[in-house]
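Below is one structure, written out as structure tokens; comments come after it.
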Amino acid sequence: MQLVPGFRQNIRRYQQILDLHRVMVFYFKIAYLYFASGDPETALDYLNDIIDVKAGHLREDIQCYARLLLLICHFELGHYELLPYLADSTQRFLEKMKELNQAQQETLRFLRTIINKVPSEHPTAFRTFQRNLKKISRDRFEKRAFLYLDTLTWVESKVSSQTVMEVARAGFEAGAQRK
């Protein structure tokens, strides 16, 4: 994480010669890194850089995942008053996409409903969402969605009261042991 600010400065310094596609991917990965490490506030800075790109249809998939992660970060930060507006904006963006997947739809649907629930209902809602995502993740055509935005790890962190990083690390170690 200590290297990221210098990395961002270099991206800005060499922006004229860098491929915008790669910059967006870097920013998304950095944003997810901050989110997973428990710093959704900093993640928002990188996500806004992606969302603010005015480059036509360039990497709509990354922009879509950035918008969903933006919603999740605002949820984590307790910015519930912003979520309906952001969810509507994200919905409009997703409707313009030609290849909307089930994971994206289910994530947006969940975020729209969770903000209307009292906090005592959140654990049950997260467990239901977790079951739905697990079903979707078994579909071979949906696996790519979880490579970009691993909402399942986020949901598992909420269900297990762990950080996203702890759940991801445990999953990685379990996968390494199986090999």
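Could you grab me the full set of residues in the stretch 111-124 that are part of a helix (DSSP H, G or I) and of a type in the set (Val, Ile, Thr)?
Those that are part of a helix (DSSP H, G or I) and of a type in the set (Val, Ile, Thr): 113, 114, 124.
Regarding residue 59, is this residue closer than 25 Å to residue 23 by Cα, touching a His at 6+ places or on another chain (Cβ under 6 Å), free of Cβ contacts under 8 Å to residues at least 60 places away in the same chain and surrounded by 15 or more Cβ atoms within 10 Å (Cβ to Cβ)?
Criteria met by residue 59.
Test residue 85 against the stated conditions and say whether it is aromatic (Phe, Trp, Tyr) and buried (at least 18 other Cβ atoms within 10 Å of the Cβ).
Values: aromatic (Phe, Trp, Tyr): yes; buried (at least 18 other Cβ atoms within 10 Å of the Cβ): no.
Judged against the criteria, residue 85 is not a match.
Within the set of pairs 6 or more residues apart or between chains, which connect a residue that is in contact (Cβ under 8 Å) with a residue 60 or more places away in the chain and at negative phi inside the stretch 148-176 to a residue that is part of a helix (DSSP H, G or I) and among the polar types (S, T, N, Q) with Cβ atoms less than 8 Å apart?
Final answer for the pair search is 149/107; 151/107; 163/157; 164/153; 164/157; 168/153.
When you look at residue 141, is it in a loop (DSSP other than H, G, I, E, B) and of a type in the set (Phe, Trp, Tyr), yes or no?
So residue 141 fits the description; yes.
Can you tell me which of 143, 158, 96, 179 is modelled with pLDDT of 90 or more and either more than 17 Å from the chain's Cα centre (by Cα) or under 24 Å from residue 34 (Cα atoms) (or both)?
Sole residue among the options that is modelled with pLDDT of 90 or more and either more than 17 Å from the chain's Cα centre (by Cα) or under 24 Å from residue 34 (Cα atoms) (or both): 158.
Do any residues in the stretch 102-121 that are over 19 Å from residue 69 (Cα atoms) have Cβ atoms under 7 Å from those of residues that are surrounded by 12 or more Cβ atoms within 10 Å (Cβ to Cβ), where the two are at least six apart or on different chains, and which pairs are they?
Close Cβ pairs (under 7 Å, with a partner that is surrounded by 12 or more Cβ atoms within 10 Å (Cβ to Cβ)) amount to 117/125.
Could you tell me which of the residues 100, 108, 94 is over 30 Å from residue 9 (Cα atoms), in a loop (DSSP other than H, G, I, E, B) and not hydroxyl-bearing (Ser, Thr, Tyr)?
Just one listed residue meets the conditions, 100.
Out of the residues in the stretch 46-56 meeting the condition of being out of contact with any Phe, Trp or Tyr (no Cβ under 8 Å at 6 or more places or on another chain) and within 18 Å of residue 148 (Cα to Cα), tell me which one is modelled with the lowest pLDDT. I'd like the intermediate steps shown before the answer.
We begin by selecting, within the stretch 46-56, every residue out of contact with any Phe, Trp or Tyr (no Cβ under 8 Å at 6 or more places or on another chain); these are 48, 51-56.
Still in the running and within 18 Å of residue 148 (Cα to Cα): 48, 51.
Numbers: 48: 93, 51: 89.
Filtering first and then ranking leaves 51.
Taking the condition touching a Phe, Trp or Tyr at 6+ places or on another chain (Cβ under 7 Å), buried (at least 16 other Cβ atoms within 10 Å of the Cβ) and under 18 Å from residue 152 (Cα atoms), does residue 72 pass? Break it down into steps so the answer makes sense when it comes.
Details: touching a Phe, Trp or Tyr at 6+ places or on another chain (Cβ under 7 Å): yes; buried (at least 16 other Cβ atoms within 10 Å of the Cβ): yes; under 18 Å from residue 152 (Cα atoms): yes.
It is true that residue 72 is touching a Phe, Trp or Tyr at 6+ places or on another chain (Cβ under 7 Å), buried (at least 16 other Cβ atoms within 10 Å of the Cβ) and under 18 Å from residue 152 (Cα atoms).
Report yes if residue 138 is surrounded by fewer than 20 Cβ atoms within 10 Å (Cβ to Cβ) and modelled with pLDDT of 95 or more, otherwise no.
No; evaluated as a whole, the condition is false for this residue.
Between residues in the stretch 1-27 that are at pLDDT below 70 and residues that are surrounded by 14 or more Cβ atoms within 10 Å (Cβ to Cβ), which pairs lie under 7 Å by C-beta distance while being six or more apart or on different chains?
Final answer for the pair search is 1/37; 4/30.
The values are calculated or read from the model by the stated rules, or taken from the named source; none is laboratory data. Values in this document were obtained by computation on a predicted structure and should not be read as measured data. Neighbour counts run over all protein chains shown; Cβ positions are idealised from the backbone, glycine included.
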